[in-house]
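Have a look at the structure below before the remarks.
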Amino acid sequence: MPLRRYSLPQMWKLWSEEEKFRTWARVEWAVAKVQEELGIIPKVGLSESLERLLEDEAFWGEVPRLVEERERVYDHDVLAFLSVIEESLEGGGNYLHFGMTSSDVVDTANSLRLKRAIELILEELEGLAGALFAKAQKYKYTPVMGRTHGVFAQPTTFGLKFLGFYSEALRNVERLKRALEEVSFGKISGAVGNYALNPPEVERRALDLLGLKPEPVSTQIIPRDRFAYALGVLGLVGAFLERLALEIRLSARTEVGEMHEPFKEGQRGSSAMPHKKNPIKSERLTGIARLLRGWALAENESIALWHERDISHSSVERFTLPDATTTLHYALRLAKDLVKDLVVDVERAGENMKRFGDFYLSSVLLKLITGKGVSRDKGYGWVKEVSQRAFERGVSIYEEAISHPEISKYLSEEELKEGLKVDFKRYVDEIFSRFAEG
């Protein structure tokens, strides 16, 4: 199980031992019910007994301990589980697990829980997307210096930054929906997937009761490319969170100070330095993203198994499925709360844009020069000179350009003044509208 520290109650319960065994029992119930309906087993009360057992909260609280005790003897968790359940049934226990193999139960139950886990993750991601869009709207026109390679490039707006993250969030929503479809398959096809002991009709009807589709071609297991696809998508969502977290971390540096994580009353940032307000939530998201990529890789390694199956994937999935889903679910809630309460320092962003002058208008000046017929290569050299000198001397690029012996031959003072007046926000509305139109 994942760390309780990095989990939320609903997901923690989903991957608990109690819920695991209860889900196994749901699969056994669905199969028994269909077998009774088809006359494969006699109506001796098995499905009704399983149904009543599924509603017994006190019983399922004891099952993990009982199975663990029995497994010490059997060294097989499914057989230990079946033994405990059979003893607890009111009737028909000898028909429990009739014609089934362990993977019919375990794989189908894993699909059920993974499906539910992705549904929970989708809810959190949609909440984060909403928080990002609210920030995009609030700061739609608020200027901030855009940076490439970590250095000044051209002005943009906080709104466009947040809109970009919102757009990525929506792409990940669609990916998660596809992953949800990808894992919504079960199998009740027997030891090597050939339906030797139960006909396909049992599988179809039992899975319909459970809300799953039959795996079209299974071996003893559901092909693991399905689970690997889902965990790959979880890794992509983690990468999205890391990109968001990195933007916040970089913006929170003392010398930048344009965005800050919320710092609540009584919070302390360092055991040694009381002045510190560290971006710990963003850093936590960064670390979690690394784990998600690792779990995705481990699940990819579980695709290739010997012939119809081995169990090298089994030990892996006891970690990957619960850990990846639980941790991402937690991380999305953390990110949503972080974005909602994120401090955007508009004044500081404005100060940063003015601090070093307007040397970043170099691309605008280059366009003016080449528009006068000067070769791009030659004009680039001139603009490089004046923009870097403007930065070094702390003066405007206009002052340096108008005194440049070559540039002044092509551009008058008036042309320079007017040409360097660029509204970097002029297409913000169009970008927002285009995005809204899809």
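Read-outs throughout are calculated quantities, based only on the coordinates presented, and are distinct from any laboratory measurement. Given the structure is predicted, the values throughout are model-derived calculations rather than measurements. We place every Cβ from the backbone using ideal geometry, glycine too, and count neighbours over all the protein chains shown.
Some notes on this structure:
- Restricted to Cα atoms, the stretch 359-419 shows a radius of gyration and a Dmax of 10.1, 29 angstrom.
- Within the shell of other residues whose beta carbon sits under 14 angstrom from the beta carbon of Glu415, the net charge comes to +2, with Lys and Arg scored +1 and Asp and Glu -1.
- Lysines whose Cα lies under 30 Å from that of Lys384, excluding same-chain neighbours fewer than 8 positions away: Lys161, Lys354, Lys367, Lys372, Lys409, Lys417, Lys421, Lys425
- Candidates Thr142, Thr320, Thr108, ranked by Gaussian network fluctuation over the chain, Cα under 10 Å, top entry: Thr142
- Computed over the chain: relative contact order in percent, which uses C-alpha pairs under 8 Å that are six or more apart: 17 percent
- Rounded Å value of the spacing that divides the Cα centres of the stretch 1-73 and the stretch 192-258: 22 Å
- Estimated D of the stretch 100-348 in µm² per second, where Rh is the Kirkwood radius over Cα pairs and Stokes-Einstein applies at 10 °C, 1.306 mPa s: 79 µm²/s
- Annotation note: GluC sites (Glu not before Pro) in the stretch 282-378 located in DSSP loop regions with a Cβ neighbour count of at most 16 within 10 Å are Glu301, Glu308.
- Bridgeable lysines around Lys20 (alpha carbons under 25 Å apart, same-chain partners fewer than 8 residues away excluded): Lys33, Lys115, Lys177, Lys187, Lys213.
- Spatial extent of the stretch 1-98: Rg and Dmax, with the Cα atoms as the point set, Å: 14.6, 49
- In the chain, Rg over Rh equals 1.17, where Rg is the alpha-carbon radius of gyration and Rh the Kirkwood radius from pairwise Cα distances.
- Reachable lysines from Lys276, criterion Cα separation under 21 angstrom, eight or more residues apart if same chain: Lys264
- Ordering of 53-59, 323-329 by packing [mean C-beta count within 10 Å, highest first]: 323-329, 53-59
- Cα gyration tensor of the stretch 335-438 - equivalent ellipsoid semi-axes, whole Å, descending: 33, 19, 11
- Fewest-first ranking of His149, His97, His404, His76, using other Cβ atoms within 10 Å as the exposure measure: His149, His76, His404, His97
- When only the Cβ of Lys, Arg, Asp and Glu is charged (+1, +1, -1, -1), the dipole of the stretch 90-185 relative to its Cα centre reaches about 820 debye.
- Förster radius 35 Å - calculated FRET efficiency between Ser375 and Lys425, Cβ distance, rounded to 0.05: 0.65
- Ranking of Tyr330, Tyr6, Tyr141 by neighbouring Cβ atoms within 10 Å, starting from the fewest: Tyr141, Tyr6, Tyr330.
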